[in-house]
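Peer 1: Below is a structure I'd like to ask you about.
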Amino acid sequence: MKPWESGIRKVTPYIPGEQPRISDIIKLNTNENPYPPSPAVEKVISGYPTETLRLYPDPACQVLVDAIAEYYGIGRDCVFVGIGSDDVLALSFLTFFNQELPILFPDITYSFYDVWAELYRIPFRRIPLDEGFAWHKEDYRIPNGGIVLANPNAPTGLYANLNDIEDVLSHNPDSIVIIDEAYIDFGGTSALPLLKKYDNLLIVQTFSKSRSLAGMRIGYAMGNPLLIRYLNDVKYSFNSYTMNRVTLEAGAAAIKDRDYFVQNCQNIIHTREESKKRLARLGFSFPDSMTNFIFASHEHIDAEELFTALKEHGIFVRHFGADRIKNYLRITIGLPQQMDTLFDFLASYIEKHA
Ligand SMILES: *Cc1c(COP(=O)(O)O)cnc(C)c1O
């Protein structure tokens with residue numbers, strides 16, 4: 001070890017899903033949307049006046065903040081935007097979790113939460129999910145420095161109803177409760193109506209999944225104006241120009257196109273429900289997903305072997321090594337024809353190996 005290494009902030013980073021450079025693969029590994037974004041986005045980008053790029057963007061991101069506020073019918077002072085929800089969540093951890101008591105989140109959830117906690121030296125405690133991967137509201141009635149719940153949860157896909165979310169909020173008035181709603185548009189009900197009642201609630205959402213804009217990097221938080229002000233104070237102490245000019249305009253255009261968005265989500269939900277039936281017929285079991293992916297395990301076939309076989313066949317899915325979930329594959333819902341290819345392969349593989 002070099003003498004200066006002992007003073008370095010060392011972290012074990014989050015490992016994102018692969019982004020292979022070959023293009024003729026079926027990519028079902030990072031929960032991207034298989035449909036293109038709204039045509040309104042194409043219009044903004046192809047006609048973008050590039051001479052304006054010499055100027056800094058609006059640090060307050062007002063066009064995008066206003067478009068999101070209008071879409072949800074909330075005040076513009078209740079909205080914060082960032083470079084994907086990863087950025088919004090990372091800043092939220094830094095802003096809201098600043099105590100000796102541990103923050104709480106499930107043992108199986110988005111694997112970035114413990115990475116941010118380690119990065120910022122925030123004590124944390126993992127609360128085990130039950131056998132069926134559900135969390136229980138009673139487990140969140142202990143002293144804590146904050147709570148983070150993904151709803152629906154990742155990578156399980158399970159949705160918890162709003163009564164349970166409200167129970168956590170009402171039992172923890174001294175803690176900020178972050179609800180990560182990255183997948184809420186695929187069938188769940190957002191905690192948004194609870195914002196009026198609970199000033200300790202922060203809802204985080206993203207354009208990456210349901211709005212087909214993972215490559216653009218847009219995420220946002222919704223909460224009461226005081227929380228949003230604290231978040232902005234930290235943002236302005238870190239990087240005032242987070243969102244670029246093109247992204248701000250493209251994002252505003254995307255969220256205004258409500259019809260396209262609704263149709264896009266319906267397509268995914270339809271394909272997901274079909275996929276559940278096909279997986280069940282092949283002997284897979286899975287928590288009942290309300291997202292754009294299914295977390296499936298086969299009764300006779302090892303998940304890691306299947307993962308490798310799929311990859312060799314040009315079909316990328318996600319496998320996590322953690323003990324409780326190592327026999328599961330997370331399969332993103334793709335286009336109907338991509339799912340046909342997947343199921344053809346699965347059927348023949350299972351016939352040969354089961
Ligand atoms: C995808 C995802 C995110 C991050 O998405 P961004 O692309 O950074 O907006 C956050 N939380 C969960 C649970 C996710 O699955």
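Only the coordinates and a few stated rules stand behind these numbers; no lab work does. Not measured: the values here are computed from a predicted model. Neighbour counts are summed over all protein chains in view; Cβ atoms, including those assigned to glycine, are modelled from backbone coordinates with ideal geometry.
Peer 1: What is the Å³ per residue value for the convex hull set by the Cα atoms of the stretch 1-130?
Peer 2: Per residue, the Cα convex hull of the stretch 1-130 comes to 267 Å³.
Peer 1: Can you work out the Karplus-derived ³J(HN,Hα) for every residue in the stretch 293-308? Use 6.51 cos²θ - 1.76 cosθ + 1.60 with θ = phi - 60°, whole Hz, and x for glycine or proline.
Peer 2: 8, 10, 9, 10, 9, 9, 5, 10, 10, 5, 5, 5, 5, 5, 4, 5
Peer 1: I've got another one for you. Ignoring everything except DSSP H segments at least 4 long, calculate the 222 nm mean residue ellipticity for the chain; use -39,500 (n - 2.57) per segment, divide by total residues, nearest 500.
Peer 2: -11000 deg cm²/dmol
Peer 1: Given the chain, what percent of its DSSP beta bridges are antiparallel, to the nearest 5?
Peer 2: 50
Peer 1: Now, a different point. For the chain, evaluate the Debye formula with one uniform point scatterer on each Cα (no solvent term) and list log10 I(q)/I(0) at q = 0.11 Å⁻¹, rounded to two decimals.
Peer 2: One equal scatterer on each Cα of the chain leads to -0.78.
Peer 1: Restricting to Cα pairs below 8 Å that are 6+ residues apart, what does the relative contact order work out to for the chain? Please round to a whole percent.
Peer 2: 24
Peer 1: Ignoring solvent entirely, what values of log10 I(q)/I(0) come out of the Debye formula for the stretch 96-138 at 0.22 Å⁻¹ when each Cα is a single scatterer?
Peer 2: Log10 I(q)/I(0), no solvent term: -0.74.
Peer 1: Counting only residues 5 or more places away or on other chains, whose amide H sits under 5 Å from the amide H of Phe124 once H atoms are built in the peptide plane?
Peer 2: Hits under the 5 Å cutoff: Ile103.
Peer 1: Okay, next question. Work out the FRET efficiency for Lys10 and Asp323 from their Cβ-Cβ distance, taking R0 = 22 Å, and round it to the nearest 0.05.
Peer 2: 0.35
Peer 1: Kindly provide the pair-distance distribution of the stretch 306-354 built from C-alpha pairs, with 10 Å bins from 0 and whole-percent values in order of increasing distance.
Peer 2: 24, 54, 22, 1
Peer 1: Now a separate question. With springs only between Cα atoms under 10 Å apart, run a GNM on the chain and tell me which of His319, His298, His270 wobbles the most.
Peer 2: Highest fluctuation among the options: His270.
Peer 1: Could you tell me the extents of the stretch 140-187's C-alpha atoms along the three principal axes, largest first, rounded to whole Å?
Peer 2: 31, 18, 14
Peer 1: Still on this structure: How long are the three semi-axes of the equivalent ellipsoid of the stretch 176-297, in whole Å, if each is the root of 5 times an eigenvalue of the C-alpha gyration tensor, listed from largest down?
Peer 2: 31, 19, 13
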